[in-house]
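Report on the following structure.
The values are calculated or read from the model by the stated rules, or taken from the named source; none is laboratory data. None of the values given here were measured: they were computed from a predicted structure. Cβ: placed from backbone, ideal geometry, glycine included. Neighbour counts: every protein chain shown. Quick note on the areas: whole protein, heavy atoms, side chains included, nothing else; ligands and nucleic acids left out. Shrake-Rupley method; radii C 1.70, N 1.55, O 1.52, S 1.80 Å.
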Amino acid sequence: MLLIHGGAGVIRKDMDAETERATRVALTAALRRGHALLAAGGSAVDAVSAAVVALEDAPYFNAGKGAVFTHDGVNELDAAIMDGASLRAGAVCGVQHVRNPVLLARAVMERSEHVMLAGAGAEAFARTQDIALVDPEYFRTGKRRQELADALRQSAAGEEVDHYGTVGAVALDGHGHLAAATSTGGMTDKRWGRIGDSPVIGAGTYANAVCAMSGTGWGEFYLRTAAAHAVCARVQLLHQSVTDAADAVINGDIPRLGGSGGAIVLGADGSFALPFNTDGMYRGWIGDDAEPHVAIWPDEC
Ligand code: ASP
């Protein structure tokens, strides 16, 4: 079983038919890419990294190519990956030249003695590994430039700016092992080296033996609630269903504090939940029958 998301920052009034069609195609391709590995006996870690690479490479989502701009007009990318069976994890934050930050996070997990590397140090480590580095122009799209211009105007006018987006995947493999991965450009107009929840193990990304979660939304609230760990702890220690655990945190604790967003959560028994409390969340799932399912709006199954 593989679940993916492409962020909970979808706004219905901003969506045109062509973008909607293209994002559904990209989500379907990411599901197929990850699922093919699971079907061939690959691990949950293989599946989540392949699915997230596919989403990072698609320009429609806020991760890799198409990442949002910071206040200073650059892209600072964050990613994390976690193997639920071993509780090993890797993360990178604030990187500006790494084509696929999830692959660098995986290298940190598998080939370093650390869990989280930041900025220039993370990129120095990337150069010692087989990790593609690119000119930052690679990440930049006209749509994101426009969003930054809009955000700067809105914040100058004292209006609230809420541009979310992130990609993520959770998977359950043939050995019953779970994994989670998340990758993001963060939030439009972020400043001062701001790091969100996505690369923080336990906030935006977490997996253990019974539960895996990747979150998307207003990262500060996911950090304050240690959201991904909170959901998985509810499943593991309180024996809640993934639906109840995810609902309590994503639609309970986070909105209670003033935040919003969504998540994909998968249990070791194959049960899953895709909660969100925004206009829409790009999401998809694929199971044993290899049939990809993709949805954006709340009224879709
Ligand atoms: N959670 C991400 C962050 O705050 C953004 C998102 O998921 O939309 O960096």
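Numerical summary
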{"item": "Phi to ³J(HN,Hα) by Karplus 6.51 cos²θ - 1.76 cosθ + 1.60 over region 202-211, Hz, x for Gly, Pro", "result": "x, 9, x, 9, 6, 8, 9, 6, 10, 7"}
{"item": "Rg over Rh, two decimals, region 135-193 (C-alpha only, Kirkwood Rh)", "result": "1.17"}
{"item": "Average projection area in nm² (convex hull over Cα atoms of the chain, one quarter of hull surface)", "result": "14.1 nm²"}
{"item": "Ratio of the Cα radius of gyration of region 123-231 to 2.2 N^0.38 Å, where N counts its residues", "result": "1.27"}
{"item": "Normalised per residue, the volume of the convex hull around the Cα set of region 1-116 (Å³)", "result": "116 Å³"}
{"item": "Loop-located GluC sites (Glu not before Pro) in region 90-170, at most 13 other Cβ atoms within 10 Å (DSSP)", "result": "Glu113, Glu159, Glu160"}
{"item": "Cβ charges +1 (Lys, Arg) and -1 (Asp, Glu), total dipole of region 191-301, debye", "result": "640 debye"}
{"item": "Percentage relative contact order, region 155-301, counting C-alpha pairs under 8 Å, at least six apart", "result": "18 percent"}
{"item": "Gain in span if fully extended, Val74 to Ala209, counting 0.36 nm per residue against the direct Cα distance", "result": "44.8 nm"}
{"item": "Calculated [θ] (222 nm, deg cm²/dmol) that DSSP helices of n ≥ 4 give over the chain, each run adding -39,500 (n - 2.57)", "result": "-10000 deg cm²/dmol"}
{"item": "Share, in percent, of DSSP beta bridges within the chain that are antiparallel, nearest 5", "result": "90 percent"}
{"item": "Cα gyration tensor shape of region 1-67, rounded if a/c is under 1.5, else prolate or oblate by comparing a/b with b/c", "result": "prolate"}
{"item": "Dipole in debye (nearest 20) - the chain, about Cα centre, beta carbon charges: Lys, Arg +1; Asp, Glu -1", "result": "400 debye"}
{"item": "Share of carbon and sulfur in the accessible heavy-atom surface of region 116-189 [1.4 Å probe, %]", "result": "51 percent"}
{"item": "Portion, in percent, of the accessible area of region 37-111 that falls on carbon or sulfur, probe 1.4 Å", "result": "50 percent"}
{"item": "Placed amide H near Gly217: partners under 5 Å, 5+ positions off or other chain", "result": "Ala8, Gly165, Gly262"}
{"item": "3J(HN,Hα) from dihedral phi, region 252-263, Karplus parametrisation 6.51/-1.76/1.60, rounded to Hz, x for glycine, proline", "result": "x, 4, 5, x, 4, 7, x, x, 7, x, x, 6"}
{"item": "Shape of region 175-243, Cα gyration tensor, a/c cut at 1.5", "result": "prolate"}
{"item": "Surrounding net charge for Glu56, when Lys and Arg each add one and Asp and Glu each subtract one, Cβ distance under 13 Å", "result": "+2"}
{"item": "Length-normalised contact order of the chain in % [C-alpha pairs under 8 Å, at least 6 apart]", "result": "24 percent"}
{"item": "Rough spin-label spacing in nm, given labels placed 7 Å along Cα→Cβ, for Trp192 and Ala36", "result": "4.6 nm"}
{"item": "Amide H contacts under 5 Å for Ala85, placed H, 5+ residues apart", "result": "Leu178"}
{"item": "Region 4-153, relative contact order in percent, only Cα pairs under 8 angstrom and at least six apart counted", "result": "19 percent"}
{"item": "Label point distance in nm, Met15-Thr243, each placed 7 Å from Cα along Cα→Cβ", "result": "2.3 nm"}
{"item": "Residues of the chain: accessible area per residue with a 1.4 Å probe, Å²", "result": "39 Å²"}
